[in-house]
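See below for the structure under consideration.
A short reminder: the numbers here are calculations on the coordinates, not readings from a lab. Note that the structure is predicted; figures quoted are calculated from it, not measured. A quick note on method: Cβ atoms are made from the backbone with ideal geometry, for glycine too, and the neighbour counts reach across all protein chains shown.
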Amino acid sequence: MNVISNHMPTAELQALDAAHHMHPFTDNAELAKTGARIITGADGVTLTDSEGHKILDAMSGLWCVNIGYGRKELADAAARQMMELPYYNTFFQTTHVPAIALSAKLAELAPRDLNHVFYAGSGSEANDTNIRLVRHYWAIKGQPEKNIIISRKNAYHGSTLGGGSLGGMSGMQTQGVPVIPGIHHIDQPDWWSEGGDMTPEAFGLERAKQLEAAILDLGVDRVAAFIAEPVQGAGGVIVPPSTYWPEIQRICDEHGILLIADEVICGFGRTGHWFGSEYYGIRPHIMTIAKGLSSGYAPIGGSIVCDEIAETVANGGDFNHGYTYSGHPVACAVALANLRILQEEKIIESVHDTIAPYLAQKWQALADHPLVGEAKIVGMMGSIAMTPHKESQAKFAADAGTVGMICRTRCFANGLVMRHVGDRMIIAPPLVISKAEIDTLIERATKALDETYELIKADGLYKVG
Ligand SMILES: *Cc1c(COP(=O)(O)O)cnc(C)c1O
């Protein structure tokens, strides 16, 4: 067998990667020309690549490494569990200690009566579970026709057929999804891009009321659930106006519609609370979890389900659903160690009281940059909208994402991972980032914005569309 090590020359690794590795969400032909960046190690908030560059990871990998890289406790927990019981399933009336312990812990951490966990290997799988779970729930209650799930345009709920059908990001919607019937999309609460002349408050209400209109239009007896991220993550860190969530909650309550909060990004401290639902004061019946649950150290996701749904489903005969790796013991052990660190080191309290306010102050100041329209932030997830004309909130003449991509490249060149969604730049740094590291993040982001500004002026891209 060939041994492929970190010590092979970068170009050789890149050639092998291009020859054999199909990357997700990537133009693979384009990547093959430039060569993938090869990450070889990481510690704290800092990545190292195969050329020895140090890069501040302001995205926590893919929004998941909440406790930062290099925590030996999680490696130890995985090694211990692998020696003791590397695998056993939770089908057919069996269980094991890691799944029991993690379920009890999650029931303790989750708000109210969200006391029951159904495990998956990822957030996408968990949302597939949710589709089946809510439809099964209403069928048990004698309402099999109550099976439509309302979601939102520009939502992200994963990439499986179920998750992709729930989601509403335009780039995905022409590639094999949506395929699941009975999913209805309403507009997103993105005031900056779609608010027109309305105030953010009026716009938030208008977008929330679309849910009510859809319920009445489709029929209360046809709508099973509404699913949404407290703050849309992959859609560009779209922070809803303050009026939005209270109105959504009222509508779900009034019409008896199940509320599914997709907490895959917002959960486990990202907003300065354990869950985004607590930040917004909403009361979901189901929360989707993944990512920060294990800080990305092991793949695991799940659905935290309220008493009433869990009891109804428990009394409804077999729920014919599950994954080989539902409640995988190693992933559960790693998640438990991660939750222990979040709790014992008071990381979420520190985010809430100190780190998030510090980041917010620095981040919001970026709105003074000539290229930046709005700068939004909730806890440790922020976005800036780039624009050629702040007053009119105009878009660039170039295709959406052209300027975003230039800025992202300038970020990398300056030792910073910041992602672009269209022409928005977004961050979601590890929750353990220090004030000094936040200063570095902002310095590098500012430099990248300056360079982008100069480049697009020189290239004739600084132009209103
Ligand atoms: C990432 C994400 C998912 C999908 O999770 P995977 O683990 O990638 O399958 C679902 N919902 C939201 C809100 C996400 O951000």
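Can you list the aspartates and glutamates whose alpha carbon is less than 12 Å from that of residue 146, not counting same-chain residues fewer than 8 positions off?
Output for residue 146: 221.
Select from the chain the helices, each a whole stretch of DSSP H, whose alpha-carbon atoms run 30 Å or more along the helix axis and whose Kyte-Doolittle mean is at least 1.0; answer none if there are none.
Span-like helices, by this rule, are absent here.
If r is the Cβ-Cβ distance from residue 33 to residue 132 and R0 is 41 Å, what FRET efficiency results, to the nearest 0.05?
0.45
Between the stretch 190-253 and the stretch 278-312, what is the C-alpha centre distance in whole Å?
Taking the Cα centre of each part, the stretch 190-253 and the stretch 278-312 sit 21 Å apart.
State whether the chain is rounded, prolate or oblate according to the following rule on the C-alpha gyration tensor (a ≥ b ≥ c being the square roots of its eigenvalues): a/c under 1.5 gives rounded; otherwise a/b larger than b/c gives prolate, and the remaining case gives oblate.
It is oblate, given that a/c is not under 1.5 and a/b is not larger than b/c.
If you count the DSSP beta bridges with both ends in the chain, what percent of them are antiparallel, to the nearest 5?
Among the beta bridges of the chain, antiparallel pairing accounts for roughly 65 percent.
How would 157, 184 line up from fewest to most surrounding beta-carbon atoms within 10 angstrom?
Lowest count first: 184, 157.
Only helical DSSP H runs with n ≥ 4 go in: add -39500 (n - 2.57) per run for the chain, normalise by residue count and round the 222 nm mean residue ellipticity to 500 deg cm²/dmol.
Dividing the helical sum by the residues of the chain leaves -12000 deg cm²/dmol.
By counting other Cβ atoms within 10 Å of each Cβ, how are 435, 105 ranked from fewest to most?
If I rank by nearby Cβ atoms, fewest first, I get 435, 105.
Counting other C-beta atoms within 10 Å, and keeping those with at most 14, which DSSP coil GluC sites (Glu not before Pro) do you find in the stretch 61-151?
Answer in residue order: 145.
Give me the extension gain from residue 391 to residue 221: residue separation times 0.36 nm, minus the current Cα-Cα distance, reported in nm with one decimal.
The span from residue 391 to residue 221 would gain 56.7 nm if fully extended.
Would you work out the relative contact order for the chain, in percent, from Cα pairs under 8 angstrom that are 6 or more residues apart?
19
For residue 395, which lysines qualify as cross-link partners when the Cα separation must be under 17 Å and same-chain residues fewer than eight apart are set aside?
Excluding near neighbours in sequence, the set is 457, 463.
As an exercise, identify the chymotrypsin sites (Phe, Trp or Tyr not before Pro) in the stretch 1-89 lying in DSSP coil whose Cβ has no more than 13 other Cβ atoms within 10 Å.
Answer in residue order: 25, 87.
Just order 165-176, 290-301, 29-40, 329-340 by mean Cβ neighbour count inside 10 Å, highest at the front, would you?
Listed from highest to lowest mean packing, they are 290-301, 329-340, 165-176, 29-40.
Would you please put 91-99, 279-287 in order of how densely packed they are, using the mean number of other Cβ atoms within 10 angstrom per residue and starting with the highest?
279-287, 91-99
Using Cα centres only, tell me the gap between the stretch 111-148 and the stretch 340-384 in whole Å.
The stretch 111-148 and the stretch 340-384 have Cα centres spaced 32 Å from each other.
Could you name the aspartates and glutamates whose alpha carbon sits less than 12 Å from that of residue 33, not counting residues in the same chain fewer than 8 places away?
Partners found: 17.
How large are Rg and Dmax for the stretch 73-344 when only the alpha carbon atoms are used, in Å?
Rg then Dmax for the stretch 73-344, in Å: 18.4, 62.
How high is the FRET efficiency from residue 139 to residue 436, r the C-beta distance, R0 56 Å, rounded to 0.05?
The pair residue 139/residue 436 has a calculated efficiency of 0.55.
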